[in-house]
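Asks: One structure coming up, written as structure tokens, with questions to follow.
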Amino acid sequence: MQLSEQEIVRREKLSKLRELGINPYPAALYPVDATSKSIKNDFEEGKKVVVSGRLMSRRIQGKASFAELQDSEGRIQVYFNRDEICPGDDKTHYNEVYKKLLDIGDIIGIEGELFTTQVGEKTVMVKNFSLLSKALRPLPLPKVDADGKVFDEFNDPELRYRQRYVDLVVNPSVKETFIKRTKITNSIREFYNERGYLEVETPILQPIPGGAAARPFLTHHNALNIPLYLRIANELYLKRLIVGGFDGVYEFSKDFRNEGMDRTHNPEFTVMELYVAYKDYNWMMETTEQLLEKIALDANGSTKVTVGDNEIEFKAPYARVPILEAIKIHTGHDVAGMDETQLREVAQKLDIEVDETMGVGKLIDEIFGEKCEHHYVQPTFITDYPKEMSPLTKEHRDNPALTERFELMVNGKELANAYSELNDPIDQRERFEEQLKLSEKGDDEAMFIDQDFLRALEYGMPPTSGIGIGIDRLVMLMTNNSSIQEVLFFPQMRPEKKQVELTEEEKIIMEILKPIGELPLADLKEKAALSGKKWDKSTKNLAKLGLFEVQKTDDGLLARLKA
């Protein structure tokens with residue numbers, strides 16, 4: 001492992017601390033009795049406190065020093081005075097340990113008394129301090145110049161998502177997003193628990209990936225010698241519980257779909273699904289309106305939420321638009337009753353890319369997604385989907401070609417999907433068989449036939465309404481974030497590229513090329529001033545590593561950095 005100069009210095013300090021008999025990673029409990037927030041809220045001059053946190057800044061002036069300590073609730077100023085910390089003749093604890101061996105980022109514990117500085121700053125006078133954890137890597141802290149301009153902010157998304165632990169330390173606003181995420185899930189739990197619904201857990205490893213149309217992750221159970229799938233939805237298991245006699249069940253479900261990644265999709269995501277007996281999709285629309293009103297108020301104190309350039313109003317009621325009417329409004333095409341061939345022709349007229357594996361349901365879904373979805377910024381229930389799009393949904397009571405289903409659109413994206421649930425086992429079997437035909441045509445997102453679920457329905461499931469709400473997208477809306485990666489602590493990332501360790505000679509060549517990108521090979525060789533043997537070896541290895549190339553031009557050989 002190649003260490004930077006700062007990392008080497010910190011390891012040297014670690015050794016010196018141990019030589020002084022100080023354990024840089026002590027095991028004993030540290031008796032914290034106050035936080036930065038409680039100190040400020042319940043400030044009392046002269047009060048004794050024990051606090052802990054990360055050293056984030058300090059200004060050393062001889063035998064005194066002001067510093068900032070950051071804990072889980074914010075920052076508090078602390079004051080180190082050599083004679084307060086070391087009242088006797090031995091000043092090692094201040095002169096050596098504090099001034100020379102502590103670094104920004106170290107986690108320390110402080111025993112002290114509260115006082116107010118001359119400029120009115122609430123501060124802890126340090127009576128004693130303990131090192132609780134030595135940081136061996138420096139934090140990427142932003143710097144502010146004399147004009148107040150900020151430099152070197154830790155704002156590169158790749159680094160922030162990969163090193164979320166650093167992001168949370170140096171960018172306090174990021175922590176607020178995740179605190180609000182917990183408020184949102186707590187708000188949902190309160191809403192459902194007050195109504196007597198039971199929170200449950202269902203299997204993540206499933207023999208059949210049911211409950212949605214999506215491509216699953218496949219694994220293998222060695223002891224049972226069977227294939228298993230990471231769940232794409234928990235719907236069919238929750239319905240089994242309704243069959244079993246529960247009137248209302250819900251689950252915060254980690255689901256997994258082996259599909260693309262973008263700003264609104266992560267292969268692992270969170271969905272809340274609710275199923276309530278003796279209800280229908282009209283009741284579920286009204287209930288969803290009430291729920292989202294409560295969430296907005298609990299999370300933001302208002303039913304109005306700013307998302308990008310839009311102000312979204314979550315106060316009920318929400319508009320309700322049938323999906324076929326939406327397509328007619330936004331494309332001018334009335335697709336009601338069209339077959340596959342006709343729908344494919346409409347899609348081609350609208351310049352929508354389709355393929356032969358798509359059935360009626362997928363074609364309508366593609367047309368709506370491409371031409372209609374983005375128009376629905378304010379919360380809107382898109383209702384009454386064709387039967388081909390909804391294999392788990394009850395037939396519409398007024399039109400047998402449609403189903404009693406809605407999707408809630410907010411800010412141009414689907415937030416929730418809900419049905420009057422299909423509880424006719426014969427109809428359900430026929431729908432599954434239609435999905436099987438799509439699978440045979442090459443649709444790798446078509447549903448499997450779940451024989452055990454069909455058996456459960458044959459024992460009788462009461463009329464039921466169910467809904468799935470995408471928690472990640474809901475948090476994006478409530479926190480004004482446009483990327484799903486911003487609301488996941490640890491989003492899925494591509495494998496980290498291994499850091500290439502270069503020889504000193506290779507570094508010389510790279511440092512010459514970096515500022516300019518390319519240089520005549522002869523000029524580069526002259527500037528590097530390496531022996532012939534070292535030059536040949538270094539340039540060959542840089543080319544092998546894909547960092548450097550030589551191109552033949554009309555003017556001779558040109559050395560270039562490779563991207």
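The values are calculated or read from the model by the stated rules, or taken from the named source; none is laboratory data. Note that the coordinates shown come from a computational prediction; the quantities given were computed from them, not determined experimentally. Cβ coordinates were reconstructed from backbone atoms using ideal geometry, including for glycine residues, and neighbour counts include every protein chain displayed. Just so you know, the surface numbers come from the protein's heavy atoms only, side chains and all, with ligands and any DNA or RNA stripped out. Shrake-Rupley method; radii C 1.70, N 1.55, O 1.52, S 1.80 Å.
Asks: Note down the relative contact order for the range 35-152 as a percent, whole number, built from C-alpha pairs under 8 angstrom at least six residues apart. If you can, show how the numbers build up before the last one.
Replies: Numbers: 223 pairs, mean separation 30.0, N = 118.
Relative contact order, the range 35-152: 25 percent.
Asks: Sticking with this structure for a sec: Roughly to the nearest percent, how much of the accessible area of the range 173-305 is carbon and sulfur, given a 1.4 Å probe?
Replies: 51 percent
Asks: From the P(r) of the range 151-220, could you give the percentage of C-alpha pairs in the tail past 16 Å?
Replies: Values: 1692 of 2415 pairs.
Percentage above 16 Å: 70.
Asks: Please determine, in degrees from 0 to 90 and to the nearest 10, the orientation of helix 281-300 with respect to the longest principal axis defined by the Cα atoms of the chain, where the helix direction is its Cα long axis.
Replies: 10 degrees
Asks: Note down the net charge around S465, summing +1 for each Lys or Arg and -1 for each Asp or Glu among other residues with Cβ under 10 Å from its Cβ.
Replies: Working: positive: K279, K394; negative: D280, E404, E421.
Surrounding charge for S465 is -1.
Asks: Related question: Which order do you get for S65, S531 if you rank them by accessible area with a 1.4 Å probe, largest at the top? Don't skip to the end; give the middle numbers.
Replies: Numbers: S65 0, S531 60 Å².
From most exposed to least exposed: S531, S65.
Asks: Let me ask something else. Suppose R0 equals 35 Å. What FRET efficiency, 1/(1 + (r/R0)^6) with r the Cβ-Cβ distance, do E293 and K37 give to the nearest 0.05? It would help to have the intermediate numbers written out before the result.
Replies: Details: r = 29 Å, r/R0 = 0.84.
FRET efficiency, E293 to K37: 0.75.
Asks: Using a 1.4 Å probe on the protein chains only, how many percent of the accessible area of the range 11-60 belongs to carbon and sulfur? Write out the running numbers ahead of the final one.
Replies: Working: 1590 of 3220 Å².
The computed percentage sits at 49.
Asks: Can you tell me the convex hull volume per residue for the range 200-332, based on C-alpha atoms, in Å³ to the nearest whole number?
Replies: Values: hull volume 23.5 nm³, N = 133.
In the range 200-332, the Cα hull volume divided by residue count equals 176 Å³.
Asks: Based on the Cα gyration tensor of the chain, what are the three equivalent ellipsoid semi-axes, each the root of five times an eigenvalue, rounded to whole Å and given largest first?
Replies: Values for the chain, descending: 55, 37, 23 Å.
Asks: Between V150 and K63, how high is the FRET efficiency from 1/(1 + (r/R0)^6) when r is the Cβ-Cβ distance and R₀ = 51 Å? Nearest 0.05.
Replies: Details: r = 32 Å, r/R0 = 0.62.
Efficiency, rounded to the nearest 0.05: 0.95.
Asks: Find out how many positive minus negative residues lie around P172, taking Lys and Arg as positive, Asp and Glu as negative, among other residues whose Cβ is under 11 Å from that of P172. Could you put the intermediate results ahead of the total?
Replies: On the way: positive: R75, K175; negative: E73, D167, E176.
In short, -1.
Asks: For n ≥ 4 DSSP H runs only, could you compute -39500 (n - 2.57) per run for the chain, divide by its residues and tell me the 222 nm figure to the nearest 500?
Replies: Details: 17 runs with 186 residues, N = 563.
Computed mean residue ellipticity for the chain: -10000 deg cm²/dmol.
Asks: Still on this structure, please answer the following. Ranked highest first by the average count of other Cβ atoms within 10 Å around their residues, in what order do 71-81, 350-360 fall?
Replies: Working: 71-81: 17.9, 350-360: 14.5.
Ranking the peptides 71-81, 350-360 by packing returns 71-81, 350-360.
Asks: Taking the dipole about the Cα centre of the chain, with the C-beta of Lys and Arg at +1 and of Asp and Glu at -1, give me whichever of L438, L513, F217 is farthest to the positive side.
Replies: Result: L513.
Asks: Using every alpha carbon pair in the range 409-540, what percent of pairs falls into each 10 Å bin from 0 up to the bin containing the largest distance?
Replies: The calculated distribution, bin by bin, is 9, 18, 15, 16, 11, 12, 11, 7, 1.
Asks: Another one. Given +1 on the Cβ of Lys and Arg, -1 on the Cβ of Asp and Glu, and no further charges, what dipole in debye does the chain carry about its Cα centre, rounded to the nearest 20? Don't jump to the answer; show the numbers that get you there.
Replies: Numbers: 76 positive and 97 negative charges, 566 e Å.
That gives the chain a dipole magnitude of about 2720 debye.
Asks: For the full complex of protein chains and a 1.4 angstrom probe, list L561, L238 by accessible area with the highest value first.
Replies: Values: L561 45, L238 0 Å².
The residues order as L561, L238, largest area first.
Asks: Quick one: if the Förster radius is 22 Å, what FRET efficiency do K99 and L141 give, using the C-beta to C-beta distance and rounding to 0.05?
Replies: Details: r = 19 Å, r/R0 = 0.88.
Here the calculated transfer efficiency is 0.70.
Asks: I've got another one for you. Quick one: dipole size for the range 361-471, taken about the Cα centre, charges +1 on Lys/Arg Cβ and -1 on Asp/Glu Cβ, in debye to the nearest 20. Walk me through the numbers on the way to the answer.
Replies: Values: 12 positive and 24 negative charges, 48 e Å.
Approximately 240 debye in magnitude.
Asks: Under 1.5 on a/c is rounded, so check that first for the range 512-563, then, if it is not, pick prolate when a/b is larger than b/c and oblate when it is not; a ≥ b ≥ c are the square roots of the alpha carbon gyration tensor eigenvalues. Before the final figure, lay out the partial values.
Replies: Values: a/c = 1.42, a/b = 1.13, b/c = 1.25.
Note, shape of the range 512-563 comes out rounded.
Asks: What accessible area per residue, rounded to a whole number of Å², is obtained for the chain using a probe radius of 1.4 Å? Let's see the in-between values first.
Replies: Details: 29450 Å² over 563 residues.
Accessible area per residue, the chain: 52 Å².
Asks: One-quarter of the Cα convex hull surface for the range 43-111, in nm²? Present the calculation step by step, with values, prior to reporting the outcome.
Replies: Values: hull surface 19.6 nm².
Dividing the Cα hull surface by four gives the mean projection, 4.9 nm².
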